[in-house]
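These notes concern the structure reproduced below.
Only the coordinates and a few stated rules stand behind these numbers; no lab work does. Everything quoted here is computed from the prediction, not taken from an experiment. Every residue, glycine as well, gets a Cβ built from its backbone with ideal geometry; the counts of neighbours run over all protein chains shown.
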Amino acid sequence: MTNDAAKLDQAHVWHPFTQMRAWNAPGHEPVVLVEGDGAVLRDDRGREYLDGNSSIWTNLHGHRRREIDEAIRAQLDRLAHSSFLGLTNNVAPALAAELVEVAGLPKHKVFFSDDGSTAMEAALKMVFQARGQRGEPQRTLFLSLGGGYHGDTIGAMSAGHSAIFHRAYRPLLFETSEVPSPACYRCPHNRAQPERGSDARRTRRCDWECVHVDLARALQDERASAFVLEPRVQGAAGLLMHPEGYLAQAAELCRARGVWLVLDEVLTGFGRTGTMFAFQHDEGVQPDLIALAKGLTAGYLPVAATLAAPEIFDAFLGEFSELKTFFHGHSYTGNALGCAAARANLQIFRDDRTLEKNALLAKSLAQETARFWNHPQVGDVRQEGLICAIELVRRFETREAFPFAERIGHRVCEAARRHGLLTRPIGDVLVLMPPYCTTPAQLRQMVEALWLALVEVLSPG
């Protein structure tokens, strides 16, 4: 079984974000996962691993969660999928109503798609088309944060600023305006020196230049249409984390300039940062568009959603002959199975009081990972809810990074696998993002495995 699956994979499969020469090299044995239970994954050799990044940030309540399994089975007995073009079903509308309720945005409309990229692509196209149909054709410029990553479709890449992921496609992308990221650890406006044991956001010394200089300057462009950002945590940029209050101040500036606020909550949504959605930490913030995916179905099925404010939705209303329709869609929009899984996911939040339990787990995560400050090559340990990032550096005092080619983060995570932990780094940033069902004992095992791996690769001595 093992050899068959691995050989078939290496013979026929092309993996995302994977250097296939190394993957197919002689001696490389892919991990073939065949079973999951809670926070545990098993391969076809019977080995067990703790799922330390929630299966690339999607799996919320653990694998084989009974309530979601049952919801999908029950929906299979009725309807698996039907077209959403000019038709509807009885599951997607109910999910839409629940989403706007938990978001606290009852007048927003919900557009369904497949994944984070498509949710963002829809949001960007909504903004562009709505501006034209509102008589504002000059407002075509999207502002977005440095290091931002919003997916791999053309529009989503255009709104991103990842040198590694996007450089090959630059000739295909449309113009956007890059706003420096308010990530305190490497922010040029932060005059504080590194301090062991302290998240750089807590010890920063600045005058909020990230808002009052960087963003304010970008918003002066008369073409500015929308500001696109991941609130509080920028995922693929290296789990960069923003200081408390940034989003509220940014939203106020945008509102004053008539610039729409587009939030990418693909990573941060559904309890990851402590509230249901990250923007809800900042009282009074009313996003114009929100993109949701990943945790929407708790890691079960590919469903995404874009929530749009009435101001944007209304721009698409008109006579058929006016061609104001949103000419965008997906074959699996409103998929009944996926929507059933998503509704079961939201019911678990209510029944289990998930956000309250997550607060306790997040406290334990902070306590357990504090030990990483003792390693001389750890530059920063930052956490937002159940998202923990451990950034490795060559020199603590200067924040000097390791050369990219050394692949330090990758080597640490490879070593962690040998200690029973599955996680994936972002460059030299180690990631711990446990499922919400993780027990205190499992959390300690995750942290211990990552610590042992770090010491193996970078001996403190």
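Residue 325: loosely packed, with under 13 Cβ neighbours inside 10 Å, in contact with a Phe, Trp or Tyr (Cβ under 8 Å, 6 or more places away or on another chain) and either hydroxyl-bearing (Ser, Thr, Tyr) or under 30 Å from residue 452 (Cα atoms) (or both), yes or no?
On the way: loosely packed, with under 13 Cβ neighbours inside 10 Å: yes; in contact with a Phe, Trp or Tyr (Cβ under 8 Å, 6 or more places away or on another chain): yes; either hydroxyl-bearing (Ser, Thr, Tyr) or under 30 Å from residue 452 (Cα atoms) (or both): yes.
It is true that residue 325 is loosely packed, with under 13 Cβ neighbours inside 10 Å, in contact with a Phe, Trp or Tyr (Cβ under 8 Å, 6 or more places away or on another chain) and either hydroxyl-bearing (Ser, Thr, Tyr) or under 30 Å from residue 452 (Cα atoms) (or both).
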Report task. With a cut-off of at least 3 residues that are within 29 Å of residue 303 (Cβ to Cβ), name the helices (runs of 4 or more DSSP H) lying wholly within region 1-90. Result -> 2-12, 54-57, 66-76
**Report entry** Residue under evaluation residue 185, criteria (1) in a helix (DSSP H, G or I); (2) among the aromatic types (Phe, Trp, Tyr); (3) closer than 23 Å to residue 140 by Cβ, criterion not met
**Finding:** (3)
Query raised in the report: Yes or no: residue 117 assigned to a helix (DSSP H, G or I) and either among the small types (Gly, Ala, Ser) or without any contact (Cβ under 8 Å) to a residue 60 or more places away in the chain (or both)?
Result: yes
Requested in this report: Keeping to region 420-461, report how many residues are part of a helix (DSSP H, G or I) and among the aromatic types (Phe, Trp, Tyr).
Outcome: 1
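Would you mention how many residues in region 42-65 are farther than 16 Å from residue 414 by Cα, in contact (Cβ under 8 Å) with a residue 24 or more places away in the chain and surrounded by 14 or more Cβ atoms within 10 Å (Cβ to Cβ)? Let's see the steps before the verdict.
Going residue by residue through region 42-65, those that are farther than 16 Å from residue 414 by Cα are 42, 44-46, 54, 57-65.
Add one more test, that the residue is in contact (Cβ under 8 Å) with a residue 24 or more places away in the chain, and what stays is 44-45, 54, 57-65.
With surrounded by 14 or more Cβ atoms within 10 Å (Cβ to Cβ) added as a condition, the list becomes 44, 54, 57-63, 65.
Result for region 42-65: 10.
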Query raised in the report: Which number in (1) within 26 Å of residue 221 (Cα to Cα); (2) part of a loop (DSSP other than H, G, I, E, B); (3) not small (Gly, Ala, Ser) marks the one condition that residue 195 misses?
Result: (1)
Query - Residue match in region 176-187 (condition: among the acidic types (Asp, Glu) and loosely packed, with under 13 Cβ neighbours inside 10 Å) - result: no
Query raised in the report: Can residue 385 be described as buried (at least 17 other Cβ atoms within 10 Å of the Cβ), within 20 Å of the chain's Cα centre (by Cα) and free of Cβ contacts under 8 Å to residues at least 40 places away in the same chain?
Result: no
Requested in this report: Select, from 289, 317, the only residue that is among the aliphatic types (A, V, I, L, M) and buried (at least 18 other Cβ atoms within 10 Å of the Cβ).
Outcome: 289
**Report entry** Qualifying strands (runs of 3 or more DSSP E) (wholly inside region 242-347; at least 2 residues being free of Cβ contacts under 8 Å to residues at least 60 places away in the same chain)
**Finding:** 260-264
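Starting from residues that are part of a loop (DSSP other than H, G, I, E, B) and among the hydrophobic types (A, V, I, L, M, F, W, C), keep the ones in region 205-236 and report whichever is farthest from residue 144 (Cα to Cα).
Initially, region 205-236 is screened for residues part of a loop (DSSP other than H, G, I, E, B), giving 205-208, 220-223, 230-232, 235-236.
So of that shortlist, the ones also among the hydrophobic types (A, V, I, L, M, F, W, C) come out as 206, 208, 236.
Values: 206: 21, 208: 18, 236: 14 Å.
Here the answer is 206.
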